[in-house]
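Undergrad: Have a look at this one.
Each value in this text was obtained by applying a stated rule to the coordinates, not by laboratory testing. What you are looking at is a predicted structure, and each value in this text was computed from that prediction instead of being measured. Cβ: placed from backbone, ideal geometry, glycine included. Neighbour counts: every protein chain shown.
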Amino acid sequence: MSHANPFDGRGRGRAAHRRAHGWAVEPDAYRVAFCGRWQGLMQHLFRTREDVASAFGVTFQTACNWWDGTNRPSGDRVALAAITWPEEFARFMGV
């Protein structure tokens, strides 16, 4: 019997689905750790918050939020960091 929701049915919880399909990272845990990882990357790559704002084209307040680990960037900024600093990105973001 097929289900409209792939997580319905016996043994088909989200965690079981991830294990069965080889997901190496638990998304919820990674989301929780992401701010700290991004903060570490920013502080490693840049000397000041102003440098962060300039490099990513964001406001000073946004740069402060990233520097302090209180907010996460949007996907385009994450992709920019991954393309521009691939080795550092992989080391800090755990890729």
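Undergrad: Quick check: net charge around LEU41, other residues with Cβ under 15 Å of its Cβ, Lys/Arg +1 and Asp/Glu -1?
TA: +2
Undergrad: Still on this structure, please answer the following. Remind me, relative contact order of the stretch 25-93 in percent, using alpha carbon pairs under 8 angstrom and six or more residues apart?
TA: Relative CO of the stretch 25-93 lands at 38 percent.
Undergrad: Roughly what would the spin-label model give for ALA79 and ASP28, points 7 Å off Cα along C-beta, in nm?
TA: Distance between the two pseudo-spin positions: 2.9 nm.
Undergrad: How long are the three semi-axes of the equivalent ellipsoid for the stretch 25-93, computed from the Cα gyration tensor as the root of 5 times each eigenvalue, in whole Å, largest first?
TA: They are 18, 14, 11 Å, listed largest first.
Undergrad: All other residues with a Cβ under 10 Å from the Cβ of ARG72 taken together, and with Lys, Arg as +1 and Asp, Glu as -1, what is their net charge?
TA: So the surrounding residues net to +3.
Undergrad: Which length gain, in nm to one decimal place, applies between ALA90 and ARG47 when the Cα-Cα distance is subtracted from 0.36 nm times their residue separation?
TA: 13.5 nm
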